[in-house]
Ligand code: SF4
């Protein structure tokens with residue numbers, strides 16, 4: 001119910017393996033450490049995903065990750081090895097079947113847990129992604145014991161974005177307050193890190209004196225869609241403001257104005273795109289000043305003990 005992909009903007013194309021390999025080649029730069037994540041939708045639905053993984057490894061990508069809902073379609077685990085794939089990253093949005101399946105659909109909890117157990121038994125390194133929202137934050141603490149039981153290597157915490165389906169139906173209902181986020185997420189993240197699991201989470205709410213940075217200025221991330229659009233900012237993905245596009249497999253810049261113009265703006269609320277598309281998570285004091293800045297959703301804390 002909270003999938004952020006917007007088919008009205010991105011269509012339903014499936015890329016040929018030739019196109020995928022051509023685009024992987026365009027982004028590989030041997031002078032840099034380059035990581036690739038195949039995600040979706042559900043990437044294991046693509047029958048040629050194993051070929052893409054193997055070729056990305058051969059090209060020299062530093063790490064290769066597949067984000068999956070755990071259904072592991074097309075018998076993917078029998079077609080790749082744990083040496084070819086660096087991480088298999090499972091999405092689970094509840095510590096219990098009741099909450100996860102309310103968000104992700106009936107049967108998805110059991111299927112995901114079975115997929116994780118199978119991947120771990122075959123020696124794949126696994127991570128788990130949990131998107132915190134008002135439906136699942138109260139059982140977030142239960143993830144400590146679940147992650148330990150499942151032998152997960154890395155844990156990624158996200159915060160719900162009011163985009164895609166969340167924006168259509170539930171809007172403010174799924175958002176989490178600053179008080180609730182701060183009273184629950186950092187302490188649970190630390191307990192999970194105490195288990196030896198690497199935990200990554202967004203700071204989300206910055207105090208006025210904390211430094212704000214926009215990933216569009218200080219990092220290199222590219223979100224590539226099957227219609228050829230290439231974005232630097234995930235919050236821009238619901239609008240045709242992408243800074244680059246694949247035109248006949250050739251990566252070209254789009255005309256101005258585009259997302260790169262937002263990255264230069266400096267506002268007291270922090271992230272410009274957050275202010276434009278999900279301002280419900282900002283509050284102001286009596287003088288009209290924002291009580292905190294919203295951090296870039298791409299710049300995260302990592303806890304490794
Ligand atoms: S989410 Fe906000 S801060 Fe991050 S890249 Fe986009 S515009 Fe910049």
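Of the residues 108, 89, which single one is surrounded by 14 or more Cβ atoms within 10 Å (Cβ to Cβ), over 18 Å from residue 224 (Cα atoms) and touching a residue at least 60 places away in the same chain (Cβ under 8 Å)? Talk me through it step by step, then tell me what you get.
On the way: 108 fails: touching a residue at least 60 places away in the same chain (Cβ under 8 Å).
After applying the criteria, what remains is 89.
What's the total number of residues in segment 1-21 that are outside any loop (DSSP other than H, G, I, E, B) and within 19 Å of the chain's Cα centre (by Cα)?
Going through segment 1-21, the residues outside any loop (DSSP other than H, G, I, E, B) turn out to be 7-10, 17-21.
Okay, now just the ones that are also within 19 Å of the chain's Cα centre (by Cα), so 7, 9-10.
Total satisfying the criteria: 3.
Of all residues in segment 221-246 being without any contact (Cβ under 8 Å) to a residue 40 or more places away in the chain and under 15 Å from the mean Cα position of the chain (by Cα), which is nearest to residue 38 (Cα to Cα)?
Residues of segment 221-246 without any contact (Cβ under 8 Å) to a residue 40 or more places away in the chain: 223, 228, 230-232, 236, 241-245.
Imposing the further condition that a residue be under 15 Å from the mean Cα position of the chain (by Cα) reduces the set to 223, 231-232, 236.
Values: 223: 10, 231: 15, 232: 16, 236: 19 Å.
Filtering segment 221-246 for residues that are without any contact (Cβ under 8 Å) to a residue 40 or more places away in the chain and under 15 Å from the mean Cα position of the chain (by Cα), the one nearest to residue 38 (Cα to Cα) comes out as 223.
Can you find a residue in segment 232-255 that is assigned to a helix (DSSP H, G or I) and away from the ligand (no atom under 11 Å from the Cβ)?
Within segment 232-255, the first condition is being assigned to a helix (DSSP H, G or I), and the residues that meet it are 234-236.
Subset that is away from the ligand (no atom under 11 Å from the Cβ): none.
No, segment 232-255 has no match at all.
What's the number of the only condition in (1) more than 16 Å from the ligand (Cβ to nearest atom); (2) more than 30 Å from residue 7 (Cα to Cα); (3) in contact with a strand residue (DSSP E or B) (Cβ under 8 Å, 6 or more places away or on another chain) that residue 206 fails to meet?
(1)
For segment 173-195, check the following and say yes or no: at least one residue is in contact (Cβ under 8 Å) with a residue 24 or more places away in the chain, within 16 Å of the ligand (Cβ to nearest atom), assigned to a loop (DSSP other than H, G, I, E, B) and out of contact with any strand residue (DSSP E or B) (no Cβ under 9 Å at 6 or more places or on another chain).
No; the residues of segment 173-195 include none that is in contact (Cβ under 8 Å) with a residue 24 or more places away in the chain, within 16 Å of the ligand (Cβ to nearest atom), assigned to a loop (DSSP other than H, G, I, E, B) and out of contact with any strand residue (DSSP E or B) (no Cβ under 9 Å at 6 or more places or on another chain).
From 303, 267, which residue is farther than 27 Å from residue 41 by Cβ, within 23 Å of the chain's Cα centre (by Cα) and either more than 10 Å from the ligand (Cβ to nearest atom) or surrounded by 19 or more Cβ atoms within 10 Å (Cβ to Cβ) (or both)?
Criteria check complete, one pass: 303.
Report, ordered by the first and then the second residue, all pairs with beta carbons closer than 6 Å, sequence separation of six or more or different chains, a first member in segment 274-296 that is under 29 Å from residue 241 (Cα atoms), and a second member that is part of a helix (DSSP H, G or I) and within 16 Å of the ligand (Cβ to nearest atom).
So the pair list comes out as 294/274; 296/215.
Those residues that are away from the ligand (no atom under 11 Å from the Cβ), surrounded by fewer than 19 Cβ atoms within 10 Å (Cβ to Cβ) and part of a helix (DSSP H, G or I), I need them from segment 270-300; list them, please.
279, 280
Among the candidates 25, 44, which residue alone is at pLDDT 95 or above and under 17 Å from the mean Cα position of the chain (by Cα)?
One residue alone meets the criteria, 44.
Can you name every residue in segment 215-227 that is in contact with a helix residue (DSSP H, G or I) (Cβ under 9 Å, 6 or more places away or on another chain) and either farther than 27 Å from residue 305 by Cα or more than 15 Å from the ligand (Cβ to nearest atom) (or both)?
216, 222, 223, 224, 225, 226, 227
Name the residues in segment 119-134 that are surrounded by fewer than 14 Cβ atoms within 10 Å (Cβ to Cβ) and either assigned to a helix (DSSP H, G or I) or under 19 Å from the mean Cα position of the chain (by Cα) (or both), would you?
Correct list: 121 only.
Are any residues in segment 22-68 assigned to a loop (DSSP other than H, G, I, E, B), touching a helix residue (DSSP H, G or I) at 6+ places or on another chain (Cβ under 6 Å) and more than 17 Å from residue 80 (Cα to Cα), and if so, which ones?
If the condition is that a residue be assigned to a loop (DSSP other than H, G, I, E, B), touching a helix residue (DSSP H, G or I) at 6+ places or on another chain (Cβ under 6 Å) and more than 17 Å from residue 80 (Cα to Cα), then 28 is the only one that fits.
The values are calculated or read from the model by the stated rules, or taken from the named source; none is laboratory data. Model, not experiment: these values are computed from the prediction. Every residue, glycine as well, gets a Cβ built from its backbone with ideal geometry; the counts of neighbours run over all protein chains shown.
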